[in-house]
Amino acid sequence: MRSWAAVILALSVSACASGSGNSAPTSVPRAPTVAAPAPGSFRGPPMPEVGGLAGVMGASAAALTQRFGEARIDLAEGDARKLQFRGSTCVLDIFLYPVSAGAQPVATHIEARLRKDGSTTDKAACIREVEAQR
C-alpha cells in the first residue's frame, strides 16, 4: 500500500512540475510606469472636479476660514495644510496643497465623516451643515 502512495505522489509532483506544454507562459500584469519628475521640478496634486464642492475645491485657507469660521484643527506639514471644521453631525477635513511651484496651498481634497461613528458621509451635505452653523 505504501508503494502505491509513493507512486501516486511522484506522478502528481511530476505532472505539476512539467505543465501541459501547450499554454503560453503567464506573466504578472504590471502597473503602468509613470516617469519621475526631473530633480528640482514640481508636480502638483490632481484637482478633481466633484459636484457639490464648488467654492471649496481650489479655495485658499483664508477663503475657507472666511466661509466656515475658525478651523477646529489647523495643521501644517511642509507646504501641505489640513483644516478641520465641525458641524453638529459631521466633521469636514479639507487638505490644501500648492498646485504649482511657489504657489500658496489651495483645497485639493475633501473628506467628510459622521461625528457619531466616524463613517463616511456626503461631502456636499457636510459642507452645507458646517457653513450653516457659522
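Observations
- Pick from the stretch 76-106, criterion modelled with pLDDT of 95 or more and hydroxyl-bearing (Ser, Thr, Tyr), ranking: nearest to the chain's Cα centre (by Cα): Tyr97
- Of all the numbered requirements in (1) part of a loop (DSSP other than H, G, I, E, B); (2) modelled with pLDDT of 95 or more, Arg134 misses one, and that requirement is (2).
- For the stretch 108-117, the count of residues that are in a loop (DSSP other than H, G, I, E, B), at pLDDT 95 or above and on the phi > 0 side of the Ramachandran plot is zero.
- Taken over the stretch 86-111, residues that are closer than 11 Å to Val56 by Cα and open to solvent by 70 Å² or more (accessible area, probe 1.4 Å) amount to 1.
- Subset of the stretch 52-64 that is open to solvent by 40 Å² or more (accessible area, probe 1.4 Å) and at pLDDT 95 or above - its residue that is farthest from Asp122 (Cα to Cα): Ala62
The values are calculated or read from the model by the stated rules, or taken from the named source; none is laboratory data. For clarity, every value in this text was computed on a predicted model and none was experimentally measured. Quick note on the areas: whole protein, heavy atoms, side chains included, nothing else; ligands and nucleic acids left out. Shrake-Rupley method; radii C 1.70, N 1.55, O 1.52, S 1.80 Å.
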